[in-house]
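The block underneath contains the structure these notes are about, expressed in structure tokens.
What follows is calculated from the coordinates using simple rules that are stated; it is not laboratory data. Remember, predicted model here, so these are calculated numbers, not experimental data. Glycine also receives a Cβ, built like all others from the backbone with ideal geometry; neighbour counts cover every protein chain displayed.
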Amino acid sequence: MNLASTGVDGGILDFVIDNRNGFATSLAHGLSWLGSTATLTVVAVVAGFVFAAFSQRRAAAMVWLGSLSAYFLMILLKGWIDRDRPPAPDRLAQVAHQSMPSGHAMMSAVVFGLIAVGLYRASAWIREHPDVLLAAPILSAAIGLSRVYLGVHWLTDVVVGWVIGAVWVGLVATAARVIRRTQATIA
């Protein structure tokens with residue numbers, strides 16, 4: 001299933017290329033680093049240990065298992081969809097693998113989203129100040145858009161990554177809640 005880019009994708013990429021500048025390029029590289037597999041792995045592992053240290057083992061497991069399973073889902077989807085990336089001369093970063101879904105967009109949505117769910121469930125202060133949780137989708141949005149700016153993804157790759165990531169967070173959070181309720185009923 002090899003999807004071609006859309007006319008909208010090409011127009012957006014052309015606009016981005018025509019409007020690149022030094023500051024925005026540096027910012028995009030930094031945001032892209034934040035959404036890299038290595039960085040998000042460290043974030044997920046550290047967040048899980050912090051949750052566990054505060055006796056929030058279910059939140060730790062949710063972040064770890066949800067992130068790991070999402071990573072494998074992303075790899076499967078990239079291979080199945082098999083979409084080509086934007087042309088190499090337009091890229092400002094080295095990339096491997098297929099284009100859709102954007103791994104940076106999907107995995108940042110998953111990792112930051114699951115951390116946000118864990119914080120919301122674990123902290124009364126967070127529940128009283130839920131606006132701080134907007135950091136998760138804002139970070140994911142910035143990371144995804146950085147990939148378009150760098151010319152390594154089409155906008156539709158990023159949007160699909162965000163949607164799959166958000167759906168995965170919902171599924172994992174719901175599964176964690178069902179497991180918790182089932183365990184409480186059994187105990």
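What is the local net charge at Arg180, summed over the other residues whose Cβ is closer than 10 Å to its Cβ (Lys, Arg +1; Asp, Glu -1)?
Around Arg180, the charge tally is +4.
Taking the alpha-carbon centroid of each part, what is the distance from segment 32-59 to segment 92-167 in angstrom?
Measuring centre to centre over Cα atoms gives 14 Å.
Grab the eigenvalues of the alpha-carbon gyration tensor for segment 1-139, scale each by 5, take roots, and send me the semi-axes largest first in whole angstrom.
Equivalent-ellipsoid dimensions as semi-axes: 32, 18, 13 Å.
Could you order the peptides 59-72, 116-129, 8-21 from most to least packed, using the average number of other C-beta atoms within 10 Å per residue?
Ranking, from highest mean packing down: 59-72, 116-129, 8-21.
Give the angle, between 0 and 90 degrees and rounded to the nearest 10, that separates the Cα long axis of helix 103-122 from the longest principal axis of the Cα atoms of the chain.
Its long axis makes an angle of about 20 degrees.
I'd like the FRET efficiency for Ala52 and Tyr120, computed as 1/(1 + (r/R0)^6) with the beta carbon distance as r and R0 of 22 Å, rounded to 0.05.
Using R0 = 22 Å, I get an efficiency of 0.80.
Ranked highest first by the average count of other Cβ atoms within 10 Å around their residues, in what order do 77-88, 132-143 fall?
Sorting 77-88, 132-143 by mean packing, highest first, produces 132-143, 77-88.
Can you tell me the FRET efficiency between Ser69 and Asp90 if r is taken as the Cβ-Cβ distance and R0 is 41 Å, rounded to the nearest 0.05?
0.80
Tabulate in residue order the Karplus-calculated ³J(HN,Hα) for segment 147-152, using 6.51 cos²θ - 1.76 cosθ + 1.60 with θ = phi - 60°, rounded to whole Hz; enter x for Gly and Pro.
Going residue by residue, I get 5, 5, 4, 6, x, 9 Hz, with x marking Gly and Pro.
What is the helix-to-structure angle for 22-34, meaning the angle in degrees between its Cα long axis and the longest Cα principal axis of the chain, kept from 0 to 90 and rounded to the nearest 10?
40
Within segment 47-65, find all residues whose amide N lies under 19 Å from a label point positioned 7 Å from the Cα of Ala184 along Cα-to-beta-carbon.
55-63
Can you give me the relative contact order of the chain as a percent, contacts being Cα pairs under 8 Å and 6 or more apart?
For the chain, the relative contact order is 31 percent.
Evaluate the distance, in nm, between pseudo-label points positioned 7 Å from the Cα of Asn21 and of His97 along their respective Cα→Cβ axes.
3.3
Can you give me the angle between helix 37-53 and the longest principal axis of the chain, using Cα atoms only, in degrees from 0 to 90, rounded to the nearest 10?
It is inclined by approximately 10 degrees.
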